[in-house]
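Heads up: the structure comes next, in structure tokens.
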Amino acid sequence: MPEIITGGCHCGNLKLKFSLSKPFSELPIRACQCSFCRKHNVRATADPDGKLDIFIQDKTKLSKYHMGLGVTDFLVCKECGVYVSAVMLDQENNEMIGNCIVNTLDIEQDKIQLSEAAHYDSESAESRLERRRSRWMKVNIV
Ligand SMILES: [Zn+2]
């Protein structure tokens, strides 16, 4: 029976359904050290064999922030300012992949293990795509 964890932004415009293939405690928690993620104090995870559904109530209140290589949408609610997920199109497989911002999940804080600092700044576009293909998960935006 796969575990499902819900989550979302603060005002409820963006809702998440994270379907896991294994216990949440076995997933790595990563604290990306890029300048954007540091400002949000981000802790992120993904389950490569799981998936993330993102439900958007009002698409006009969704910001798809871009930076760096510009290939990633950083999904931020315009209403309440919460950053919920980073997604990109894997063009080779024509599917959306992404991560899940752990801060937005409806789980007890003491169930979240300490995050590991993750530095990706020196990656090329190619190595970034390879890393994400192996670590991120399928994302379905509704
Ligand atoms: Zn919101």
Output row, site residue 22, 7 Å Cα→C-beta label point, backbone N cut-off 15 Å, window the stretch 42-85, residues 45-51
Amide H neighbours of residue 140 at under 5 Å, excluding residues fewer than 5 places away on the same chain, with H built from the backbone geometry, are 52, 53, 54
For residue 111, the net charge from surrounding residues (Cβ-Cβ under 13 Å; K, R +1; D, E -1) works out to -4
SASA check, residue 61, accessible area w/ 1.4 Å probe, all protein chains in place, rounded to nearest 10 Å², comes out at 70
Expected vector for the stretch 6-12, Karplus 3J(HN,Hα) from phi with 6.51, -1.76, 1.60 and θ = phi - 60°, integer Hz, x for Gly and Pro, equals 9, x, x, 6, 7, 8, x
A 1.4 Å probe over the protein heavy atoms gives the chain a carbon and sulfur accessible-area percentage of 48
Hull volume per residue for the stretch 58-106, using the convex hull of the C-alpha atoms, in Å³ is 101
The answer for residue 31, listing residues at least 5 apart or on another chain whose modeled amide H is closer than 5 Å to its amide H, is 44, 116, 117, 118
1/(1 + (r/R0)^6) with r = Cβ-Cβ of residue 59 and residue 114, R0 = 30 Å, i.e. FRET efficiency to nearest 0.05, evaluates to 0.25
Lys and Arg at +1, Asp and Glu at -1: neighbours of residue 128 with Cβ under 15 Å from its Cβ sum to -2
Residue separation between residue 11 and residue 92 times 0.36 nm, minus their alpha-carbon distance, gives in nm 25.7 nm
For the stretch 3-141, the per residue accessible area (1.4 Å probe, Å²) is 55
Dividing the helical contributions, -39500 (n - 2.57) per DSSP H run of n ≥ 4, by the residues of the chain yields a 222 nm value, nearest 500 deg cm²/dmol, of -3500 deg cm²/dmol
Expressed as a whole-number percentage, the relative contact order of the stretch 29-74 with C-alpha contacts under 8 angstrom and at least six residues apart is 23
Here the equivalent ellipsoid of the stretch 3-141, derived from its Cα gyration tensor, has semi-axes (largest first, whole Å) of 20, 18, 16
Distance in nm between residue 39 and residue 121 label points, each 7 Å along Cα→Cβ, equals 1.5
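The values are calculated or read from the model by the stated rules, or taken from the named source; none is laboratory data. Not measured: the values here are computed from a predicted model. Neighbour counts run over all protein chains shown; Cβ positions are idealised from the backbone, glycine included. Ligands, DNA and RNA are excluded from the accessible area calculation, which covers all protein heavy atoms including side chains. Shrake-Rupley method; radii C 1.70, N 1.55, O 1.52, S 1.80 Å.
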